[in-house]
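Worksheet for the structure shown next.
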Amino acid sequence: MKAPQIPAYGQNTLADLLPSLGAHLGLPGSDRLGLPAAERYLVLLVDGLGAEQLGEHAELAPFLTGLEQRTITCGVPSTTATSITSLGTGLAPGGHGIAGYTFWYPPKGQVLNALRWPADLSGLDVQPQLTFFERLNKAGIENGTIAPAAFADSGLTTVALRGARFWPVEDERDHRRRVELATAAVAAGNRNLSYCYERVLDHTGHGAGIDSPAWRAALAEVDALAASLREALPESVRLVITADHGMVDVPGDARVLVEDEPGLLTEVTAFAGEGRLRHLMVESGCSEQVAARWRARLGERAWVRTRAEAVAEGWFGETSNRLAHRFGDVIVAMADDGAILSRKLVGELSLVGMHGSLTSAEMGIPLLVA
């Protein structure tokens, strides 16, 4: 059984990107990633662009693969809400507490969906740490976020990106307009660090699978967008391209439906996360026996850890005691191409491409500079 890919937080992860760029702009700290100096940076994050998938489809992305190739990792879980918050705060998941697509939120006593916030819940309550954009503002460094207009006031934008001027993308298919917005955003001020988000590849992978004709067309589209950004930006602006996670296809016969597995949910009080990494909240004092039951069922198909074990192994980086209980009492991360699903979570049942676990295909993300 392969070992899980544990992130090297503080050295070589997505959380280290903005602090490394900020060091070149005069903020305290050092460049942990060895990036080139500049006074203006645009970070393009391509949702779902794993380093392995990019390498396997080089012919579809000549601009991206023509750049010097380097791989860093995202954090755990390898999923958008966690990764975007690590990017935007410079913190490992254990430091910001956005523990997955869904996670246990003790103040409400319920599972919280990180992409669909209840109307009465403030992002500041969920994640009060300063974002890196707020730090840039305090230092007088201009910054912006170029993202779909619908995200302007979302909970995830609040917890991860607050402080940045929001440049709304009204039509995500209009790449020319997005390039115009990005060029305008990064031109502001004497120093600038702006961020642009692209999601077509992730959506296509979830619906059709990686290496499907639709996914291959989406990768070519992403490559064209990156090339257009580079062509439009002044030479003095460094374009930094990365991602939030990779992806694997999950075949039908590799799916475990918990309702069909007698006893798997015994003593489990809440079921969160996503198909490739599940957070199990359990009755008091039952973590070890629940973990043992899941290990017996899945064997080498999964890495099953109690929270204490996962924290000790460094899955989430330095983990605040205040935030630790957002992560499962037991965590089940798939080591093969399988998924743990529930008929109660209907939206997940139709997914082909998935992510969240600690395989190299999900954890490895490109870091490219143009």
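The values are calculated or read from the model by the stated rules, or taken from the named source; none is laboratory data. The structure displayed is predicted, hence computed values, not measured ones. Don't worry about glycine lacking a Cβ; one is built from the backbone with ideal geometry, like all the others, and counts go over all protein chains shown. Remember, those area values only see protein heavy atoms, side chains included, never the ligands or the DNA or RNA. Shrake-Rupley method; radii C 1.70, N 1.55, O 1.52, S 1.80 Å.
Reducing the stretch 88-108 and the stretch 311-367 to their Cα centroids gives an inter-centroid distance of 13 Å. In order along the stretch 165-172, the Karplus-derived 3J(HN,Hα) couplings, from 6.51 cos²θ - 1.76 cosθ + 1.60 at θ = phi - 60°, round to 5, 9, 10, x, 9, 6, 10, 5 Hz, and Gly and Pro are given as x.
Calculate the FRET efficiency for SER320 and SER342 from the Cβ-Cβ distance with a Förster distance of 35 Å, rounded to the nearest 0.05. FRET efficiency, SER320 to SER342: 0.75.
Three principal axis extents describe the C-alpha atoms of the stretch 123-174; from largest down they are 33, 26, 10 Å. Couplings 3J(HN,Hα) for the stretch 227-234, derived from phi with the Karplus relation 6.51 cos²θ - 1.76 cosθ + 1.60 (θ = phi - 60°), are 5, 5, 4, 4, 5, 7, 6, x Hz, where x marks Gly and Pro. Quick check: convex hull of the Cα atoms in the stretch 1-60, volume per residue, rounded to a whole Å³? Per-residue hull volume (Cα only) is 125 Å³.
In the stretch 101-245, the convex hull through the Cα atoms has an average projected area of 9.9 nm², a quarter of its surface area. Relative contact order, whole percent, for the chain stands at 28, derived from Cα pairs under 8 Å and 6 or more residues apart. For the stretch 170-242 and the stretch 250-275, what is the centre-to-centre distance using only Cα atoms, to the nearest Å? Taking the Cα centre of each part, the stretch 170-242 and the stretch 250-275 sit 36 Å apart.
Across the chain, how large is the tail of the calculated P(r) beyond 35 Å, expressed as a percent of all Cα pairs? Looking at the chain, the distances longer than 35 Å represent 20 percent of pairs. Computed from the alpha carbon atoms alone, the convex hull of the stretch 1-121 holds 161 Å³ per residue. For the stretch 220-341, taking the reciprocal of the average inverse distance between every pair of different Cα atoms yields a Kirkwood hydrodynamic radius of 16.9 Å. Over all pairs of different C-alpha atoms in the stretch 144-207, the reciprocal of the mean inverse distance, the Kirkwood hydrodynamic radius, equals 12.5 Å. With only the Cα atoms considered, the stretch 100-142 has a convex hull volume of 98 Å³ per residue.
Residues whose amide H lies under 5 Å from that of LEU341, counting only those 5 or more places away or on a different chain, are VAL256, LEU257, VAL258; hydrogens are built 1.01 Å from N in the peptide plane.
Packing-based ranking of 175-185, 84-94 yields 84-94, 175-185, ordered from highest to lowest mean Cβ neighbour count within 10 Å. Output the relative contact order of the stretch 211-370, whole-number percent, from Cα pairs under 8 angstrom with separation of 6+ residues. Here the relative contact order equals 37 percent. Using a probe radius of 1.4 angstrom, the carbon and sulfur fraction of the accessible surface of the stretch 1-146 is 50%. Based on protein heavy atoms only, the chain ends up with 39 Å² per residue of surface accessible to a 1.4 Å probe. Calculated from the alpha-carbon coordinates, the stretch 175-230 shows an Rg and a Dmax of 13.9, 44 Å respectively. Computed over all pairs of different Cα atoms, the Kirkwood value for the hydrodynamic radius of the stretch 281-370 is 15.0 Å. What the phi angles of the stretch 242-251 give under the Karplus curve with 6.51, -1.76 and 1.60, with θ = phi - 60°, is a coupling list of 8, 8, 10, 4, x, 7, 10, 7, 10, x Hz, glycine and proline written as x.
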